[in-house]
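Structure, as structure tokens:
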Amino acid sequence: MMVAALAVPQISMNSQSDQVKHPEINEDISGLPVRKFDVIVAGGGTAGVMAAVAAARQGAKTALIESKGYPGGTVVEGGTALHSFFNLWKAFPGVEKRQVVKGLAQEIIDRLMPVGGTTGHADTTTRYDYDSVCTAIDTELYKLKAFEMLAEAGVFICVNTLVAGAVKKGSEVEGVITQSRMGREFFKARCFVDCTAYGDLSAYCGADYIELNDHPVCNSMGLGNVKIEKLYDFLKVNNAVGDIALGLRSGKESQIIRMGAEGTGSSNNTLPAGFVDGIKQLGSGLITTTVHDNYLMFIKVNYKMDISPTNRDEVAKAELIIRQNQYKTLELFKQYLPGCEKAFIARTSPSLNIRRGRTIICDYDITSEDVLEGKHFDDDIMVYGFHDEAPRLQIKNGGTYGVPYKALIVKNIENLLAAGMLITSDHSAHMSTRNTVCCMGQGQAAGTAAALCAAKKCGTRELQYSDLRKKLENDNVYFETG
Ligand SMILES: Cc1cc2nc3c(=O)[nH]c(=O)nc-3n(C[C@H](O)[C@H](O)[C@H](O)COP(=O)(O)OP(=O)(O)OC[C@H]3O[C@@H](n4cnc5c(N)ncnc54)[C@H](O)[C@@H]3O)c2cc1C
């Protein structure tokens, strides 16, 4: 069956895109209620949760401002295999297995384990040259555990609250303007961390940024009522098995927890042409992780926008198209894939996910050479060993590179740090630094640095690296250089 046969009504909408309004800086705040903090973290996603917990645990009075009703961000909506806590040891015989990201990122996995919210670090059994480990999470339990970590740390948690503007005094950020159903408020602090992925806070602060639009956007969906082993057998018979990892699923060890079809690009496989053509046309993928029986947690439907996903009107069109394509993808799965005959869409992301929005210009921009050659800096705040384009691009000898503190310092602003997918302009380098576990490590370091800056009443560039390093080491962050 051709995908066209699954046509859904085409709707013409939002033709106003030319009237783009750029972020406004220093709007009038007179009359707004004022709240005072030491540290404000904008965006409670993958990096932001870690930043806020890290800052608050040091005693900084910390507020987290998150536009959705829960914390988690893209880690609970797009990328549900957490790449990667380890170096790529399996691809490099003789190289030692090392857990290279620990700290708060490992703590949330430890909190998920007793409630059945993770597979743990499960070894991959195929495609060692991509990742040696698959760490999958239950996205709903992750939201809960992240929320609890924030509350226990004493973070003032503002969910359903948008960072809508900022006020600067010279090169310092004075505060952020928020919008919630309580109206507009002004949140002041000594130090700020932008973890919004889109770089909203930095843009409102007048930071320099670029919009590369070098990735498709996506909405991933979970499919329920699926017989995983039946689907695996079908892929095997058709020479289409790709990534496989075995681990803890619904309380049982050695179950399939990651499964990919070598799909759709390989000439050896004998998957039905109607299926292969259909999912290619729709931008859908057949690679998934799961923590539960009968559930494919993560089926991607990609869509390449012509312009950057900061454009509201173009995003509105993309949101509709992707939802149409999710439905068509479901129909293809039901028709062609044994085990999926009675599947249904159990979860979608509340809004499309980006791989890149604004890239914020920081004091240092990590290059692909830094990543691939395994460069370490004299101000490393973490190390990392995964590259999303492996095996084509891997970190030298299954090692690690360092993320330097200066890569988090927003250029030309005294008291603003950035962490997450919004740093790193080089496409290949970003294909490493944007991954979840790297974002979490960056978040922990940025939150720690912000709290230190607030306590010492210094700017982000005046902070002594030795103080930051000592604090991170005390908080179980792993380093490979002295
Ligand atoms: C489809 C897809 C698949 C992926 N697959 C993987 C994978 O398998 N493994 C992997 O490791 N990585 C994967 N990634 C990459 C990874 O998930 C992301 O790069 C990473 O999670 C980004 O983290 P972040 O903290 O920068 O942003 P996010 O986690 O997106 O956090 C940003 C937060 O800021 C909030 N926010 C935004 N603007 C505002 C505002 N103005 N006011 C208040 N709050 C705001 C958002 O609601 C969100 O909670 C994938 C990404 C995508 C899109």
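The values are calculated or read from the model by the stated rules, or taken from the named source; none is laboratory data. Note that the coordinates shown come from a computational prediction; the quantities given were computed from them, not determined experimentally. Using ideal geometry, Cβ is built from the backbone for each residue, glycine included, and neighbour counts are taken over all protein chains shown. Only protein heavy atoms, including side chains, enter the accessible area calculation; ligands, DNA and RNA are left aside. Shrake-Rupley method; radii C 1.70, N 1.55, O 1.52, S 1.80 Å.
Computed values, structure above
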item: Calculated from backbone phi, Karplus (6.51, -1.76, 1.60) coupling profile of the stretch 464-479 in Hz, x at Gly/Pro; result: 6, 4, 4, 5, 5, 4, 4, 5, 5, 4, 4, 9, 6, 7, 8, 10
item: Filter on 230/334; 143/470; 97/143; 102/145; 236/328 - keep pairs with C-alpha separation over 20 Å; result: 143/470; 97/143; 236/328
item: Residue 268 paired with residue 252, simple spin-label distance in nm, labels 7 Å along Cα-to-beta-carbon; result: 2.8 nm
item: Cβ crowding within 10 Å averaged over residues, with 40-53, 187-200 ranked highest first; result: 40-53, 187-200
item: Estimated distance in nm for a label pair at residue 237 and residue 312, the labels positioned 7 Å out from Cα along Cα-to-Cβ; result: 5.2 nm
item: Unit charges on C-beta of K, R, D, E only; dipole of the stretch 333-453, Debye; result: 720 debye
item: For the stretch 180-311, accessible area per residue (1.4 Å probe, heavy atoms of protein chains only), Å²; result: 39 Å²
item: Under the Karplus curve 6.51 cos²θ - 1.76 cosθ + 1.60, θ = phi - 60°, whole-Hz ³J(HN,Hα) for the stretch 100-111, x wherever Gly or Pro sits; result: 9, 10, 10, x, 5, 4, 6, 4, 5, 5, 4, 6
item: Efficiency of FRET from Cβ geometry, residue 277 and residue 462, R₀ 45 Å, rounded to 0.05; result: 0.15
item: The stretch 31-115: GluC sites (Glu not before Pro) falling in loop per DSSP and having at most 13 other Cβ within 10 Å; result: 96
item: Signed unit charges on C-beta, dipole axis of the stretch 284-404, positive-most listed residue 338, 315, 367; result: 338
item: Residue 293-residue 327 FRET efficiency (beta carbon distance; Förster radius 25 Å; 0.05 resolution); result: 0.55
item: Accessible-area composition of the stretch 314-467, carbon plus sulfur, in percent [1.4 Å probe]; result: 48 percent
item: Nonlocal amide H pairs with residue 402, under 5 Å, H built at 1.01 Å; result: 375, 376, 377
item: Whole-percent carbon and sulfur share, accessible surface of the stretch 166-267, 1.4 Å; result: 47 percent
item: Solvent-accessible surface (1.4 angstrom probe) belonging to residue 406, in square angstrom, nearest 10; result: 60 Å²
item: Residues in the stretch 155-173 reached by a label modelled at residue 181 [backbone nitrogen below 13 Å; 7 Å Cα→Cβ]; result: 159-161
item: Listed residues 344, 386 arranged by accessible area, highest first, probe 1.4 Å; result: 344, 386
